[in-house]
Structures are given as C-alpha cells and as structure tokens.
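Just below is one structure, and these are the notes that go with it.
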Amino acid sequence: MGRFSALRLLYEGLTGNRGWTPHWRDAAPQPAYDIIVIGGGGHGLATAYQLAATYGQTRVALLEKGWIGGGNVGRNTTIVRANYLLPSNQGFYALSLRLWERMEQDLNYNVMMSQRGVLNLCHSDAQRDAAIRRGNAVRLSGADAVYLDAGALKKDWPFLDYDNARFPIRGGLLQPRAGTARHDAVAWGYARAASDRGVDIIQNCEVTGFDIRGGKVFGVETTRGHIAAGKVGVAVAGNTSRLMGMAGLRMPIESHVLQAFVTEGLKPVIPGVVTFGVGHFYISQSDKGGLVYGGDLDGYNSYAQRGNLPMVEHVAAAGVSLMPMIARARMLRSWGGIMDMTMDGSPIIDRTPVEGLYLNGGWCYGGFKATPGSGLVFAHLLATDTPHEVAKGFRLDRFARGHVIDETGHGPTPNLQ
C-alpha cells in the first residue's frame, strides 16, 4: 500500500478517488502463529503494530470478535493527557504522550492529534494545594503542567461560572501538551500500519476458550476454529474478567459502563479540554463543532455498551453547573464503553500464572490516552518476557502483596475511581 501524501491526495481527488485500496488486509486465520493478540481495540492494535515494527515479530495475529473500531476505541471522549501524580503512572503516561506526538509520522496516518491543552479546575483551597502538588510531580516526571489562578483562567475561559456560590473556581492545573485525537482514526492507523508489516488482522473471530495443558497455553478456541500459538496476549478492556475466567483466572477488576455524549454542532467556543473538579464532568469541542463530554461511571456492573437515563441527567446537570451557556445545546447521541476498573485505579501489564498467557487490562478511565504507550510496553513484555522499564509497577500480584498504585486515593472501590 502506498504512503499517504499531499500529492497522493491531490492526484486521487483529480481522478475520482479510484486508486484507494482497503486500509488493511481482512485476513483469514492461519493454523498457528508465534503470538496471538486478543482484542482489536486501540491497545491490541498498538501491541500488534509494535511487535512487528519494533520487535521484528512477523507471525502475529490480532483477533477481534467484532469489527475494528467497534469497541471502546470508538466509544470515548478522545482525551489525551499525562498529568498523573504517582511515579508508576507518571513515567508511563509521559512516555505515552511522547508517542502521541509522533504517532502521525510513525503511522503515516492523520489521527487529528490536537494539543490544545487539558485544564483541571479546582474549587477549594484543598483542591488548589493538591493541584499544585500534582503539577510539581508532573514536571518532575518530564511532562508539562502549569497552575493558573482564576484571574489568568478568565482570559481564555471566560464562559465558566466563576461566581458559583457552591463551587467557586479558584484556579486550575493546565497541561498545554495534552489535548484530543480522533479515536477511530487511531484504530484505523494502527490497523493499516500493522497489516502493512505482516500482522494478520482477523475480524469477526471471537475467542471462546483457551487451549491450556499442564499450566501452559498452546492456543485459543474461536468461532473460526482452533488457532495455535506460542504466546497469547489479552487486551480486551471491559471484557477482561470474562475472558480471563475462561483461563481459570479471577481478576481484581470490575466492569462498569462509562457513557459519553455529543451535542449538535456549534461555532468554536471551547478552546481545549476542561474538567469540573466537583461534578466529575469533562468536555471538549470536536472538529465538527459538537461538544463531546462525559462524567461518572454508571454505578452498577455491566457488560452492555449502553447507559441509563439517570446518569445522562446527572452528567448534564454537572455540565450546566460548570458552564451555564451549554444548557440550550441539544444532545444528539450518547454511547457507552465498558471500563475494566481495577482496585487501585491503575492498569495491569504482566504475565499470568498460565505460562505463555499475558494480560493487558485494568485501564479504568485511562485507556484511550494510554494507547501508544500500552502497545509499546505490552509488545516489549510479549517479545522479551521482561517488563518494560516504565511498566514495572503494573504487576498483577500487587494487590496480594499490598503494593497498590492508588492514583485516585479511593482505595478498593472501583465505582468511585
């Protein structure tokens, strides 16, 4: 497949766009591979790409039960950031942000990365102090952060409700290099790049079981037959517990639905991403003008890719409290992604007790922004059998050992992360 370029776009436009070919091969499963990656979302696709591009693995299959882009990678609010507090997460997300910044060049694909900044508001003295502390930690990790008081915020964010009696805006922590990216373009870009490097991307191929003998995995059972493999990596987000249960493993994970929403198209009004420090509300504006926003998890456990109306009302109320001007915007649609919530709000990238079976999961709210970093470190683990330097803290057994990474400070309560 030829590379994309301005000249190629011009040529195709002048010739009726008849020269384009499918972005990736719709491969049929072979009897055996060296490595199988289960899950055709962002993390699985990035892992398959890195296995081929960085580690030279040529016999790799990526299995997706539906279609590429049909899961969480196409059902999120597109936010990219690296403003984490704790060391294990700091190093990882700082790496991931650097990979985001060069993704379009690496993949030769326009993922519409827009570094317009992410602003986290604070509404009390305690939140202000916590924001300043977080900003210092972020800068020490190599990422960027700047604290702005209310006076400075009003210059670029005049539409916020600064005089709210209940939740006055005291300031905010801004990460200028953060922003948004086009979620489905990320999936397509990785799929195209992985396929170009020989990865078999196999859609409509649901895993129904694992071939495990003597404590070692020898392949997987699928709706398209048995496929043998020397190693199997699992990256299936909210379905992690269900799939790993087929291997006889119980995960420290709960699955919850997280809804996202988009309004009608409006003129440019929101310059970046802004998050409400009280109502857990976050919003940005897409390139088509729609306001893209989200909030809290639905409180009950579910594997359904849909939400409930009380949470729609709850999120909308938080948004109107923060910026009353959006009260008259008409919501066009909502959708739900399944979040694999760990007991400490941080991910798991590790080998499992089953030899040859590897896990990438527990991303909570951080899945999309982690995509390139997750793919690199998981590919490193699969290819070398050793954890990547920035992922050494993401051990599966940390919950049993008491070495948790409690990023949000909520303890063992995934529904509050």
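The values are calculated or read from the model by the stated rules, or taken from the named source; none is laboratory data. Here the structure is a predicted model, which means the values were calculated and not measured. We place every Cβ from the backbone using ideal geometry, glycine too, and count neighbours over all the protein chains shown. Accessible surface areas use protein heavy atoms only, side chains included; no ligands, DNA or RNA. Shrake-Rupley method; radii C 1.70, N 1.55, O 1.52, S 1.80 Å.
For the chain, what is the percent of antiparallel DSSP beta bridges, rounded to the nearest 5?
70 percent
Scaled to the compact-protein estimate 2.2 N^0.38 Å, what is the alpha-carbon radius of gyration of the stretch 174-266, rounded to two decimal places?
Rounded to two decimals, the normalised Rg is 1.46.
Run the helix sum for the chain: -39,500 (n - 2.57) per DSSP H stretch of 4+ residues, divided by residue count, reported at 222 nm to the nearest 500 deg cm²/dmol.
The per-residue figure over the chain is -8500 deg cm²/dmol.
Order the peptides 107-119, 324-336 from the highest to the lowest mean number of other Cβ atoms within 10 Å of their residues.
Descending mean neighbour count gives 107-119, 324-336.
Go through the stretch 15-83 and name the trypsin sites (Lys or Arg not before Pro) that are in a DSSP coil and have 12 or fewer other Cβ atoms within 10 Å of their Cβ.
Hits after loop and neighbour filter: 18.
Just to verify a number: what accessible area does residue 159 come out at with the full protein assembly present, 1.4 Å probe, Å² rounded to tens?
Looks like 40 Å² after rounding.
Mind checking the per residue accessible area of the chain for me, 1.4 Å probe, whole number of Å²?
Accessible area per residue: 42 Å².
Can you order the peptides 205-218, 349-362 by their average number of other Cβ atoms within 10 Å per residue, highest first?
349-362, 205-218
Over 32 Å between Cα atoms: which of 155/369; 154/288; 65/267; 154/392 fall into that group?
65/267; 154/392
Put +1 on the Cβ of each Lys and Arg and -1 on the Cβ of each Asp and Glu in the chain; which of 123, 348, 113 then has its Cα farthest toward the positive end of the dipole?
It is 113.
Taking the Cα centre of the chain as origin, sum charge times position over the Cβ atoms of Lys and Arg (+1) and Asp and Glu (-1), and report the length of that vector in debye to the nearest 20.
In total the dipole reaches around 520 debye.
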